[in-house]
Amino acid sequence: RREQEQQAAMVQDLASFSRACASDDAVATILERALRMLDARITLDVLCAATLDDAALLNLDEPDRHEPLGDDERAWLATLRETRVRPVDDETTQQVPPGVLRARLETVRRPACFAVIPLRVEGRAVAALWLAASSSGRRTFRDDRLEPWHAPFLALCQGSVERALENAALTRALGDANAQLRATVQGLQRAQEELVHARKMEAVGHLAGGVAHEFNNLLTVVLSYGAMLQDLALPAPARVDLARMLDASTRASDLTRQLLTLGRRQVLRREPVDLGA
């Protein structure tokens, strides 16, 4: 009955861990929850999480302290393929690379058991859980230390943590994709607004060109009659008024040509211009 109760409690711990891990949690947060779950279920002397990307060892007792990992330690953790729970002897101790991991393992009273739980996302090692405890000759209800029979539970723990890490990675990737999609949609909206504005300006240009064309026809009549009046023998005051009228009509004609250019109804005429003037 006690074995069944322990197994049920472990399954319940895994379910609680999965519910607690939101899909957008950071890697450090997920690893900290996993360490707390293991710490609550098994009596351990060493309980750490090694993050391979940051090359640091996270300790549950000192969460703000990150001990650096060496290159050999990172390579050793990255090559692990399965959960390992085994007694520490001379052979297995030699397999542990020197550095922080070896130093932590040597603090445990011998004989001891240790476990290395590699964590992978999309086939790439991103972290590992490092557990060690002195063996108890007899498991009791109060003192349930790390033993080889914990391997199935640790394997389930490995799968739960990896799924949480994968969900977090997928959520971050989905968030980045949504941000890019929003930026693309905003760019399309701006392009659409610019296109609508350009069409409006084109319509205004056509309207201005049409009005200018009709107005230029009227000015042609005014200029033609004015030119005929210049050939007549008019008194001096009348000639002055006629010159002013023709000058105003000529300037109005130039203005209509500019409006026709705006409405794309007239070919542009290129000529040198004095910028100083």
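The values are calculated or read from the model by the stated rules, or taken from the named source; none is laboratory data. Keep in mind it's a predicted model, so treat the numbers as computed, not measured. Don't worry about glycine lacking a Cβ; one is built from the backbone with ideal geometry, like all the others, and counts go over all protein chains shown. When the accessible area is computed, the model is the full protein with side chains, heavy atoms only, and any ligands, DNA or RNA have been set aside. Shrake-Rupley method; radii C 1.70, N 1.55, O 1.52, S 1.80 Å.
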- Task: Quote the accessible area belonging to residue 261 in square angstrom, nearest 10, computed with a 1.4 Å probe and with ligands, DNA and RNA left uncounted.
- Result: 50
- Query: So how tilted is helix 27-41 from the main axis of the chain? Cα-based, degrees 0 to 90, rounded to 10.
  - Reply: 20
- Item | Sorted peptide list for 226-235, 82-91, 150-159, 42-51, criterion being average Cβ within 10 angstrom, highest first | 42-51, 150-159, 82-91, 226-235
- Item | the chain - charge dipole about Cα centre, Lys and Arg +1 at Cβ, Asp and Glu -1, debye rounded to 20 | 740
- Message: Tell me the volume per residue, in Å³, of the convex hull enclosing the alpha carbons of region 208-277.
- Response: 118
- Task: Per residue of region 185-200, in order, report the coupling 6.51 cos²θ - 1.76 cosθ + 1.60 (Karplus, θ = phi - 60°) as ³J(HN,Hα) in whole Hz, putting x for Gly and Pro.
- Result: 5, 4, x, 5, 5, 5, 5, 5, 4, 5, 5, 4, 5, 5, 5, 5
- Using the scaling law 2.2 N^0.38 Å as the reference, what is the normalised Cα Rg of the chain? 2.28
- Rank 176, 13, 71 by accessible area, highest first, at a 1.4 Å probe radius? 71, 176, 13
- Note on the structure: For region 269-274, in residue order, the Karplus 3J(HN,Hα) values (coefficients 6.51, -1.76, 1.60; θ = phi - 60°; whole Hz; Gly and Pro = x) are 10, 8, 7, x, 10, 7
- Task: Obtain the radius of gyration and the Kirkwood radius of region 26-170 from its C-alpha atoms and give Rg over Rh.
- Result: 0.94
- Total formal charge among the other residues, if their Cβ is under 14 angstrom from that of residue 230, Lys/Arg +1 and Asp/Glu -1: -1
- Evaluate 2.2 N^0.38 Å with N set to the residue count of region 176-255, then give the Cα radius of gyration divided by it. 2.19
